[in-house]
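S.K.: Structure in structure tokens, see below.
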Amino acid sequence: MILTDFADLIATRMRREHRALAARWFERLLALLPVNARDVFPTESLLDHVPALILEISDYLRQPADEAIVSNTASLEKASELGALRHAQRASLHQVLREYQVLGGVLVTFVLEELERARTPPSPTETVQVVARIHQSVDVLSQATVQASVGLNTQRITDQAERLDQFTRMAAHEWRQPLGALQFGVRLLL
């Protein structure tokens, strides 16, 4: 696929509006939440990562089709950082996936708005290609975020299991001596 004028237009506009798009994303999430935003997003760090991801998606839209977003290590690193952040904030995987789903919706709505604003409407093929690439990039970034979070969860569980095993061995060792003395004393009494 050759980079289309519409893809370039969307990438440029997305780059220019990345902070406003992140704010729109956050507003949509707040509308979905039955709890206080601080209970779900305890720090402002998340709000720093989302604009950066939107910039990465806009850069991806400018790349040729054979250039997959998976090959962009900067994008994947940002998504992994977000996974570590959401893990530290104790976000569930369902929450993270829903956040990406909302992001995809915000970006597609943005494309539709730009489509209505375009002086010369692009072909349906160009429009579908742009939307497909947005969905592809959001999917890949969400997978990287989830993978980072799952990796940290797995490591935490492994560490806890190891500490529990060490405690069990230490407790068993500490109980052997008093139990041995008690058994000896019981035998003497009998």
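S.K.: Can you work out the Karplus-derived ³J(HN,Hα) for every residue in the stretch 48-53? Use 6.51 cos²θ - 1.76 cosθ + 1.60 with θ = phi - 60°, whole Hz, and x for glycine or proline.
M.R.: Residue by residue, the stretch 48-53 yields 7, 6, 5, x, 5, 5 Hz.
S.K.: Okay, moving on. For a distance above 13 Å, tell me the whole-number percent of Cα pairs in the stretch 132-190 that qualify.
M.R.: 75 percent
S.K.: As a test of the formula, what do you get for the chain when each DSSP H run with n ≥ 4 contributes -39,500 (n - 2.57) and the sum is divided by the residue count, at 222 nm and rounded to the nearest 500 deg cm²/dmol?
M.R.: -28500 deg cm²/dmol
S.K.: For the chain, with all protein chains present and a 1.4 Å probe, just round the carbon and sulfur fraction of the accessible area to a whole percent.
M.R.: Reported share for carbon and sulfur atoms: 58 percent.
S.K.: Nothing charged except the Cβ atoms of Lys and Arg (+1) and of Asp and Glu (-1): what's the magnitude of the dipole of the chain about its Cα centre? Round to the nearest 20 debye.
M.R.: With Lys and Arg at +1 and Asp and Glu at -1, about 720 debye.
S.K.: Further question on the same structure: Hand me the trypsin sites (Lys or Arg not before Pro) from the stretch 92-143 located in a DSSP loop with no more than 10 other Cβ atoms within 10 Å, in residue order please.
M.R.: Loop-located and lightly packed - Arg119.
S.K.: Each residue of the stretch 16-24 in order: what ³J(HN,Hα) in whole Hz does its phi give by Karplus 6.51 cos²θ - 1.76 cosθ + 1.60, θ = phi - 60°, with x for Gly and Pro?
M.R.: 5, 9, 4, 6, 5, 5, 5, 5, 5
S.K.: To two decimal places, what compactness ratio does the stretch 55-190 give when its Cα radius of gyration is scaled by 2.2 N^0.38 Å?
M.R.: Taking N as the residue count of the stretch 55-190, the ratio is 1.93.
S.K.: From the phi of every residue in the stretch 180-190, what ³J(HN,Hα) in whole Hz does the Karplus formula 6.51 cos²θ - 1.76 cosθ + 1.60 yield, where θ is phi - 60° and glycine or proline is x?
M.R.: With coefficients 6.51, -1.76 and 1.60, one gets x, 5, 5, 4, 4, x, 5, 5, 5, 6, 7 Hz.
The values are calculated or read from the model by the stated rules, or taken from the named source; none is laboratory data. The model shown is predicted, which means the values in this text are computed figures rather than measured ones. For neighbour counting, all protein chains shown are included, and Cβ atoms are generated from backbone atoms with ideal geometry for every residue, glycine included. Heads up: the accessible areas ignore ligands, DNA and RNA and are worked out on the full protein's heavy atoms, side chains in. Shrake-Rupley method; radii C 1.70, N 1.55, O 1.52, S 1.80 Å.
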